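The values are calculated or read from the model by the stated rules, or taken from the named source; none is laboratory data. Note that the structure is predicted; figures quoted are calculated from it, not measured. Because the Cβ atoms are built from the backbone with ideal geometry, glycine has one as well, and the counts that use them run over all protein chains shown. When the accessible area is computed, the model is the full protein with side chains, heavy atoms only, and any ligands, DNA or RNA have been set aside. Shrake-Rupley method; radii C 1.70, N 1.55, O 1.52, S 1.80 Å.
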Amino acid sequence: MTFRRLAFSNIKGLRRKYAAFLFSSVLSVIIFYLLASFVLHPDVVNGYVAQAERVRAGLRVAQYMIATFSFFFVLYSSSAFVRSRKKEFGLLSLLGATKRQLSRFVVIEHVIMGLGSVAAGLGLGIPLSKLMLAGMSKMLQVTSPIRFMVVMPAVIQTACLFMALFVVIGFITALQISPRKVIALLREHQRPKTLPSYSPLIALLSVLLIGGGYAVAWHVDGTTIVSAMLPVTFVVSAGTFLFFSQATVWILRKLQGKVSFMYRNLNLLTVGDLVFRMKDNARVLAAVAVLSACVITATGTVYTAQATFLRDEEVSYPHAVTLTISGESDPSEVLASIHKVASDDKVKITEEVFLTGLVAYDGNDGGARLATLIVSEDIYNQWAKEAGRPEVSLEGNQGALLIPWEAKPSEKDRKPLELSFHGKAVTLDAIPHPFPRVNWVYPIGQYVAVDDALFQDLLKDADPSEQAALISLELEAWQKSLKTGRRIRETVPDEHLIGYSSRLESYEAHKQMYALTAMIALFVTGLFFIASGSMLYFRLFGEIDEDREKYRAMRRLGLSKAEIANVVSRQVLVFFFAPITFGASHCGFAMKALSNVLRGQDWPFLGVFRYALWAIAVFSAIQVAYFLFARRAYVREIFEAPGT
């Protein structure tokens, strides 16, 4: 038998042990190809897709993250497999295999697994890329969908990268096979385990570290969160590792001292074995707990940012559309055209500000480009009456400074306002007056209503270029009214448009970026969750030989298969769900810190944490699936052995 056939037969015989590892590797290949198929798509590379370069940059970052994560995941998995196969390598050494031959055997195994992962990943990734491209087309709102095709550069890049990854890790893993004595390799699994030791002080320290990190996270605010982030992460991570390595052993040993509990049901066997499992796997469990907390928190933060940006847009742009137009266009005709556009598109205008007036400049800086729109008392009151807003009563040089302010003005708010119009200095006795918030449109920075007589005196010297109109609209369901906003903009010729500001375009651009970020977060989070479950899976199967002998001895003592399966289910349940419980707890306090930062935007803790709950729910669902699969495969592997 050649080494190639031996390696292939070995993978086939250990298919259950390799199943989770291969599944995670295939998923990595699929996700990497999906991203590469867009980044390297001819329509994107040649610039046929608007805003594609910005999206490509984000997807490249995701590719690097996936490649880096895949490298360390496969490296860890391979190292774990080598440690679990000491007996197998000992037998091969006994049969005369040299270190060089064993290394070659390991490399060939990695090449076979790499070929299988790449073939399966590309076989599934290519048809799935059709859905990926359709989703990206919709997200970027391209005029024609991005064509579905097999992007050969992406296929070559994916295949070469992952094959190189498996080969390099195969050589690295081969270096771990040291030329130890055959008898030591064969008896590695027979060495008796000593009862795990623990320190009550270190166990208490782990609780204090986690509790201290939680306390800081609970009280930080926007000014302290940056300086507290890394120290809190370090302290909680250290506390988590110490908890799994010391506190869990201390808790289980205390339970062993409670006779009434230990002799109830199968607790004696369950707890006794868990003491060793938790101690032996403390580093893996702590790593999965901390990393899951980081990933869940990052995912919750991304989706929280996606939700808060809607509020930010409404604060930055109080109205959906605001225009200032020159008097060279008939403002009434423009407004009528806008109403027709809204009617044709079945978009309801929920708030409207329409004022016509004169453009004046601040008299203190001699014609600076920031301007003031002067409107007459009569025009303002006509709009105010229709809009249900407070009217003004002015005389002489009095002016109502229209600002977004609902408080009742007082005499102390009165101030002189100096303006320059048509070479004439105008000084107004201005007092603030409540006015709806409208979008800021350069160059007009403020609005003021004046007495009708004063306005008419200014108007008689004005030419059309010095006249202007303000049209500001709020639209119902504005998130879906981008086309309507663009049609409203087209009702005014460019040469007559003084300024234009729209929440719709800003929202659309930011929405695409947040959608892209959310998609990348979904890919990376999904990959991590499945890979972390795989790590726990093959850590469980790494001790299958010793466990099989242990459960065989239990059978001889009179335990039934159902009772053994019950013990296994309890242990695997703790093994899979202890990390996510800690991860969810860590995430909860991290999201509390985020809610403290967003407190000024009226975001309560539950309002922020609900987005992390989605990630926790998805992670929990994946863990449940892994638990059921691992338990079934593990129990079957134990009971298929003779004598069990």
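Ser329 - would you say it is modelled with pLDDT under 90 and open to solvent by less than 20 Å² (accessible area, probe 1.4 Å)?
yes
Within region 333-447, which strands (runs of 3 or more DSSP E) (wholly inside it) include 1 or more residues that are in contact with a Gly (Cβ under 6 Å, 6 or more places away or on another chain), modelled with pLDDT under 85 and polar (S, T, N, Q)?
415-421
Return the residue satisfying two criteria in turn: it lies in region 20-60 and is open to solvent by 30 Å² or more (accessible area, probe 1.4 Å) and hydrophobic (A, V, I, L, M, F, W, C), and of such residues it is modelled with the lowest pLDDT.
By that ranking, first place goes to Ala50.
Which residues, taken from region 349-365, are farther than 22 Å from Gln382 by Cα and surrounded by fewer than 17 Cβ atoms within 10 Å (Cβ to Cβ)?
Matches in region 349-365: Asn364, Asp365.
Criterion first (surrounded by fewer than 16 Cβ atoms within 10 Å (Cβ to Cβ) and not hydroxyl-bearing (Ser, Thr, Tyr)) does Phe276 satisfy it?
Criteria not met by Phe276.
Have a look at Thr491, Thr484 and point out the one that is at pLDDT 85 or above, under 22 Å from Pro318 (Cβ atoms) and part of a loop (DSSP other than H, G, I, E, B). Give the steps one after another, and end with the answer.
Working: Thr484 fails: part of a loop (DSSP other than H, G, I, E, B).
The conditions single out Thr491.
Take region 336-348 and flag every residue that is within 14 Å of Thr484 (Cα to Cα) and either touching an Asp or Glu at 6+ places or on another chain (Cβ under 7 Å) or among the hydrophobic types (A, V, I, L, M, F, W, C) (or both).
First, pick out the residues of region 336-348 that are within 14 Å of Thr484 (Cα to Cα): 337-348.
Correct list: Ile338, Val341, Ala342, Val347, Lys348.
Among the residues of region 434-449 satisfying the criterion of being among the β-branched types (Val, Ile, Thr) and more than 36 Å from the chain's Cα centre (by Cα), which is farthest from Gly396 (Cα to Cα)? Spell out the reasoning first.
Within region 434-449, the subset among the β-branched types (Val, Ile, Thr) is 438, 441, 444, 448.
When the remaining residues are screened for being more than 36 Å from the chain's Cα centre (by Cα), the result is 444, 448.
Values: Ile444: 24, Val448: 14 Å.
In this case the residue turns out to be Ile444.
Taking the criterion of being open to solvent by less than 30 Å² (accessible area, probe 1.4 Å), touching an Asp or Glu at 6+ places or on another chain (Cβ under 9 Å) and among the hydrophobic types (A, V, I, L, M, F, W, C), would at least one residue in region 505-517 satisfy it?
Within region 505-517 (the criterion being open to solvent by less than 30 Å² (accessible area, probe 1.4 Å), touching an Asp or Glu at 6+ places or on another chain (Cβ under 9 Å) and among the hydrophobic types (A, V, I, L, M, F, W, C)), the answer is no, since none of the residues qualifies.
Looking at Val284, Val290, which one is at pLDDT 85 or above and part of a helix (DSSP H, G or I)?
Matching residue, one of Val284, Val290: Val290.
Would you call Phe619 at pLDDT 75 or above, assigned to a helix (DSSP H, G or I) and closer than 16 Å to Ala293 by Cβ? Reasoning before the result, please.
Values: at pLDDT 75 or above: yes; assigned to a helix (DSSP H, G or I): yes; closer than 16 Å to Ala293 by Cβ: yes.
Taking the combined requirement at face value, the residue satisfies it.
Hey, can you tell me all the residues within region 292-314 that are open to solvent by 50 Å² or more (accessible area, probe 1.4 Å) and touching a Phe, Trp or Tyr at 6+ places or on another chain (Cβ under 7 Å)?
Tyr303, Gln306, listed by residue number.
Any residue at all in region 556-564 that is crowded, with 21+ Cβ neighbours inside 10 Å and within 27 Å of Asp273 (Cβ to Cβ)? Full working, then the answer.
Of all residues in region 556-564, those crowded, with 21+ Cβ neighbours inside 10 Å come to 564.
Still in the running and within 27 Å of Asp273 (Cβ to Cβ): 564.
So far as region 556-564 goes, yes, one or more of its residues are crowded, with 21+ Cβ neighbours inside 10 Å and within 27 Å of Asp273 (Cβ to Cβ).
Go through region 556-566 and count every residue that is over 10 Å from Ile638 (Cβ atoms) and in a helix (DSSP H, G or I). Give the derivation first.
Taking region 556-566 first, the residues over 10 Å from Ile638 (Cβ atoms) are 556-560, 562-563, 566.
In the following step, the residues that additionally are in a helix (DSSP H, G or I) were identified as 556, 562-563, 566.
Number satisfying all stated conditions: 4.
Could you pull out the residue among Ala164, Ala217, Ala203, Ala238 that is open to solvent by 30 Å² or more (accessible area, probe 1.4 Å), within 26 Å of Arg283 (Cβ to Cβ) and modelled with pLDDT of 85 or more?
Ala238
Pairs only if they're at least six apart or on different chains, beta carbon under 9 angstrom, first in region 111-123 and assigned to a helix (DSSP H, G or I), second among the small types (Gly, Ala, Ser) and open to solvent by 40 Å² or more (accessible area, probe 1.4 Å); list them, first residue then second.
Matching pairs, first to second residue: Gly114/Ala164.
Within the bounds of region 465-479, is there any residue that is among the hydroxyl-bearing types (Ser, Thr, Tyr), open to solvent by 60 Å² or more (accessible area, probe 1.4 Å) and part of a strand (DSSP E or B)?
No, region 465-479 has no match at all.
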